[in-house]
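Would you mind keeping the following structure in view while I ask a few things?
The values are calculated or read from the model by the stated rules, or taken from the named source; none is laboratory data. Only a predicted model underlies this, so the values are computations on that prediction, with no experimental measurement involved. Note: ideal-geometry Cβ built from the backbone for every residue, glycine included; neighbour counts use all protein chains shown. We work out accessible area using only protein heavy atoms, side chains counted, and drop any ligands, DNA or RNA first. Shrake-Rupley method; radii C 1.70, N 1.55, O 1.52, S 1.80 Å.
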Amino acid sequence: MENLYKKVKDNWIIILSVVISIIIYFLISENLTLNEIYGKDVNVWKYIANMIQDGRIIYKDLFDHKGPILYLFYYLFRNYEIISELVIFIVNEIFIYKITKIVLSNKYTKFKSIIVTTISMIILFITLEDFPNTESYSIPFILISLYYFVKNLILKYNAKSFVVIGFCMSIVLFLRANIIVLWIIIYLYYMAKMIVKGNLRELFRIISYTILGMAICIVPIVIYLMHNNILKEFIEYYLIFNLKYASAGTQNTILETCIYFFTVTLFIHPIIIFINILLIFLKKNIKDRKLLIINLIYYIVSIYIVISPKREYLHYAIILMPCVIIPLSILIKDKYKYKLIITIGIELYIALIVFGVEYYNIKYLKENSQKYLLKFEIIADWLEKNTNEDDNILVLGTENIIYNLSNRAYKGKFSYQVPIIYNSSDIANNFLQEITEQKPEYIIVNEYKVNNDNYVDGKISKILKEQYIQIEEYVYRRK
């Protein structure tokens, strides 16, 4: 009992932080729930997970252009969404704290680590959109790799840690391939270091351990793809299509995208970048400066990844959160020694900020989504009452929420079509051919706008006019 009391006494600030984190989680949980209900991407992935449960195969029977790991996570946690969210948050908090503790490693380390952890998590909370998504699932693996990199650099180098780093990299590679920036920087750093030192044997060990770690993830995935004969489709949709999609033009400019991300919602990032640059010149500790320089490169490349598609999707900026940890940690490393009351005050103040931001988000989502959801509920209710579960029903657009609410499905491959049919003529033609072959009993037209000036929309409009009759405002039945 005395040992337990001593542990609680010695680590009470960590316990306090965990309690505050749980409170914060429940403050934002309604926002997450709203995201899960209204999020278009989330509902696509939920639908795919349900179809996989029914025996259908991703890429072959179901189109989407995300990595296979995302569908695995959604499939495993399809009935335990709160658990998946909590796991993400807990792992994030643990490794932010562990990274910060290594960087600080001086008096008041626990106090300062908790502050940096809390601020970092707030920055993450603000970017939660269509959660959980590829970016949010990637963050724990990015943080784990960053932890081992910082540990190798500051404490004791261990080549075996690259098994874990390689494994984490391969997970993210199959979630969203273009955000493996951290690993590229890590390996370039060690390649340069070992080559300069002439230590090619150690470089070989790093590469060997990395390959071992990556094989743990990659081999089962390749076996699955080959077993289901979908390796070609995986390459076509996940690799080739995403390259074309990323380079597809939008109406936004880079400047407009930067203004969207960094003037109001994420104004903190330009400030932290400035702090990072300033600290490079002010810090005399070689390891700190090295960390700051590497982090600055990581930060700048990550920002480029966020803004280069020129799309105003807030969840893209989730990947910037790990970039703030090192500069914030080094900023408070030597200069400030927080007293107890100041630490508690900052924690509570930060929690209040999160509550304010998330309360506004929840209020905004509620006010703007009630009518939006009501439409879906009306359509789903009509489908449940007037159709059978085995009827072939196509929802035009990206409204997979209608499938999920009504427990109905489309027997074809393209359960959603926008914007992919406008980014790929091959997919557009495949979808048009599929409609003629599948001949769905019902076609739902909700937010989808038929534009006869567009080739694809013109074809869809012709199919609706010639082969279907409109029986409700949003419902077309095959003649």
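Within segment 286-303, can you find the residues that are under 14 Å from L331 (Cα atoms) and either open to solvent by less than 10 Å² (accessible area, probe 1.4 Å) or modelled with pLDDT under 85 (or both)?
Passing the criteria: D288, L291, L292, N295.
Still on this structure, please answer the following. Output the residues belonging to segment 353-384 that are buried (at least 19 other Cβ atoms within 10 Å of the Cβ), modelled with pLDDT of 80 or more and aliphatic (A, V, I, L, M).
Matches in segment 353-384: I379, A380, L383.
Restricting to segment 98-121, name every residue that is open to solvent by 20 Å² or more (accessible area, probe 1.4 Å) and in contact (Cβ under 8 Å) with a residue 24 or more places away in the chain.
K98, S105, N106, K107, Y108, K110, F111, I119 - these are the residues of segment 98-121 that are open to solvent by 20 Å² or more (accessible area, probe 1.4 Å) and in contact (Cβ under 8 Å) with a residue 24 or more places away in the chain.
Six or more apart or on different chains, Cβ atoms under 8 Å: show the pairs whose first residue is in segment 466-479 and closer than 17 Å to E399 by Cα and whose second is outside any loop (DSSP other than H, G, I, E, B) and open to solvent by 90 Å² or more (accessible area, probe 1.4 Å).
Pairs that qualify, where the first residue is closer than 17 Å to E399 by Cα and the partner is outside any loop (DSSP other than H, G, I, E, B) and open to solvent by 90 Å² or more (accessible area, probe 1.4 Å), are Y476/Q470.
Here's a follow-up. Given the criterion closer than 29 Å to E312 by Cβ, open to solvent by less than 10 Å² (accessible area, probe 1.4 Å), in contact with a Leu (Cβ under 7 Å, 6 or more places away or on another chain) and modelled with pLDDT of 80 or more, identify the matching residue among T134, T127. Explain how you work it out, then say what you get.
On the way: T127 fails: modelled with pLDDT of 80 or more.
Step by step, each of T134, T127 is checked, and only T134 is closer than 29 Å to E312 by Cβ, open to solvent by less than 10 Å² (accessible area, probe 1.4 Å), in contact with a Leu (Cβ under 7 Å, 6 or more places away or on another chain) and modelled with pLDDT of 80 or more.
Yes or no: segment 385-398 includes at least one residue that is assigned to a helix (DSSP H, G or I), open to solvent by 50 Å² or more (accessible area, probe 1.4 Å), at negative phi and at pLDDT 85 or above.
Looking for residues that are assigned to a helix (DSSP H, G or I), open to solvent by 50 Å² or more (accessible area, probe 1.4 Å), at negative phi and at pLDDT 85 or above, one finds at least one in segment 385-398, hence yes.
Another question about this same structure. Could you list, in sequence order, the residues of segment 144-189 that are closer than 22 Å to P327 by Cβ and aromatic (F, W, Y)?
Y147, Y148, F149, W183, Y189
Condition check: surrounded by 19 or more Cβ atoms within 10 Å (Cβ to Cβ), over 28 Å from the mean Cα position of the chain (by Cα), under 17 Å from D391 (Cα atoms) and among the aliphatic types (A, V, I, L, M). Does I460 satisfy that?
Against the criterion (surrounded by 19 or more Cβ atoms within 10 Å (Cβ to Cβ), over 28 Å from the mean Cα position of the chain (by Cα), under 17 Å from D391 (Cα atoms) and among the aliphatic types (A, V, I, L, M)), I460 does not qualify.
From F162, F149, which residue is aromatic (F, W, Y), touching a Phe, Trp or Tyr at 6+ places or on another chain (Cβ under 6 Å), open to solvent by less than 20 Å² (accessible area, probe 1.4 Å) and over 20 Å from S84 (Cα atoms)?
Checking each option against the conditions leaves just F162.
Mind counting the residues in segment 77-94 that are open to solvent by 40 Å² or more (accessible area, probe 1.4 Å) and touching a Phe, Trp or Tyr at 6+ places or on another chain (Cβ under 6 Å)?
The total comes to 0.
I'm trying to understand the selection: among the residues of segment 402-413, which are open to solvent by 10 Å² or more (accessible area, probe 1.4 Å) and within 23 Å of H65 (Cβ to Cβ)?
Result: N404, A409, K411, K413.
Would you confirm whether any residue within segment 400-407 is closer than 18 Å to Y59 by Cα and at pLDDT below 95?
yes
Quick check, is F431 in a loop (DSSP other than H, G, I, E, B), at pLDDT 85 or above, surrounded by 16 or more Cβ atoms within 10 Å (Cβ to Cβ) and not hydroxyl-bearing (S, T, Y)?
Criteria not met by F431.
Going through I83, I69, I48, I22 one at a time, which residue ends up being more than 22 Å from N400 (Cβ to Cβ), at pLDDT 75 or above and part of a helix (DSSP H, G or I)? Break it down stepwise before answering.
Values: I69 fails: more than 22 Å from N400 (Cβ to Cβ); I48 fails: more than 22 Å from N400 (Cβ to Cβ); I22 fails: at pLDDT 75 or above.
Only one candidate qualifies: I83.
Return the only residue of N152, N158 being free of Cβ contacts under 8 Å to residues at least 24 places away in the same chain, under 19 Å from Y187 (Cα atoms) and not in a helix (DSSP H, G or I).
Criteria check complete, one pass: N158.
Please note which helices (runs of 4 or more DSSP H) are completely contained in segment 175-284 and include at least 1 residues that are touching a strand residue (DSSP E or B) at 6+ places or on another chain (Cβ under 7 Å) and open to solvent by less than 40 Å² (accessible area, probe 1.4 Å).
By residue number, no helices (runs of 4 or more DSSP H) qualify.
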